[in-house]
């Protein structure tokens, strides 16, 4: 299996920087970990002096969404949505220990993070423009068809595991209590994004270990070396 961004994506978005992690559970609850608390508190302080839309990391994704023909205020990146929720509600939702951790790290770095259950992915994932015949399973168990040219995470079976890039993930490969092996992808668009996702990956790798998980592989897919290869889940 492998993860990659297509050549079309790198050509249109040369500023893209990414990190990928393959990990195996168990994923324990570490909500009280000092670094987790510090990331949330640091983000609250940042939001106290600026709206999330003014963050350079978020503004860069807004420009990318506009380049894709999407209204940035109608379709937000996952990180912007989480930051907005933290600002409005004062807290992040509790979903699953791994997702909760990814959400904390996402707001801490203001960078979108996607987490996929590898048992639900066929032959790897590619971020690419949709052909228009892919199938996307919503969280309400309905099937949608992405529009031609829409940026999706697609597997070898023609299933879309995320729509509008980092806007909305599929219910198909969502993390469940039985999930054991995952692919985690972080992506940045702003100047300095490569350093940002590298520090993010280091932080997340350490916190995954604190959860009791095993990090099996890490990578920094980019235009020069776009493929992050890893073994299929056992």
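The values are calculated or read from the model by the stated rules, or taken from the named source; none is laboratory data. Not measured: the values here are computed from a predicted model. Virtual Cβ from ideal backbone geometry, glycine too; neighbours counted across all protein chains shown.
The requirement of being touching a residue at least 12 places away in the same chain (Cβ under 8 Å), surrounded by fewer than 20 Cβ atoms within 10 Å (Cβ to Cβ) and under 27 Å from residue 15 (Cα atoms) is fulfilled somewhere in the stretch 134-147, by at least one residue.
Checked against (1) buried (at least 21 other Cβ atoms within 10 Å of the Cβ); (2) over 24 Å from residue 11 (Cβ atoms), residue 151 meets all criteria but (2). Condition first: surrounded by 22 or more Cβ atoms within 10 Å (Cβ to Cβ), in contact with a helix residue (DSSP H, G or I) (Cβ under 7 Å, 6 or more places away or on another chain), at pLDDT 95 or above and more than 16 Å from residue 188 (Cβ to Cβ). Can you find one or more residues in the stretch 56-72 that meet it? No.
A count restricted to the stretch 186-234 and to residues that are at pLDDT below 95, surrounded by 13 or more Cβ atoms within 10 Å (Cβ to Cβ) and farther than 23 Å from residue 9 by Cβ stands at 1. Of the residues screened, residue 3 is one that is surrounded by 18 or more Cβ atoms within 10 Å (Cβ to Cβ) and not in a loop (DSSP other than H, G, I, E, B).
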